[in-house]
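What follows is a single structure, written as structure tokens, with notes after it.
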């Protein structure tokens with residue numbers, strides 16, 4: 001969850017939900033959102049650290065419900081984008097999704113050749 005609001009993305013009247021003020025992750029966005037060109041092993045490690053923070057968070061359920069309802073990117077409420085997709089709340093282009101699809105397509109081409 002991010003406590004940095006980008007005025008180019010959010011509507012001018014946007015206000016964070018009240019529960020966000022109580023989140024254990026405030027100010028630690030580097031753990032909850034993938035940096036550019038993150039390698040798969042680094043992603044697994046980063047998401048594991050983020051989940052550990054989520055486990056003791058007093059607003060875990062509110063955060064998880066928000067992410068599922070708003071198709072958020074990153075780790076929210078102890079769930080990654082992949083976790084939410086398995087629960088029926090996929091984001092349009094999940095982190096790592098393109099590379100997984102490309103690898104699957106390459107494998108499929110090799111099998112059919």
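What the table shows:
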item	result
Number of positions in region 47-73 that are part of a helix (DSSP H, G or I) and surrounded by fewer than 20 Cβ atoms within 10 Å (Cβ to Cβ)	14
Out of 25, 63, sole residue that is touching a residue at least 24 places away in the same chain (Cβ under 8 Å) and touching a strand residue (DSSP E or B) at 6+ places or on another chain (Cβ under 6 Å)	63
Selection count where residues are within 18 Å of residue 37 (Cα to Cα), modelled with pLDDT under 90 and part of a loop (DSSP other than H, G, I, E, B), scope region 74-113	4
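For (1) within 12 Å of the chain's Cα centre (by Cα); (2) modelled with pLDDT of 95 or more; (3) at positive phi, each residue gets a yes or a no:
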| position | (1), (2), (3) |
| --- | --- |
| 2 | yes, no, no |
| 14 | no, no, no |
| 29 | yes, no, no |
| 35 | yes, no, no |
| 41 | no, no, no |
| 49 | no, yes, no |
| 61 | no, yes, no |
| 69 | no, no, no |
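The values are calculated or read from the model by the stated rules, or taken from the named source; none is laboratory data. What you are looking at is a predicted structure, and each value in this text was computed from that prediction instead of being measured. So basically every Cβ, Gly included, is an ideal-geometry build from the backbone, and we count neighbours across all protein chains shown.
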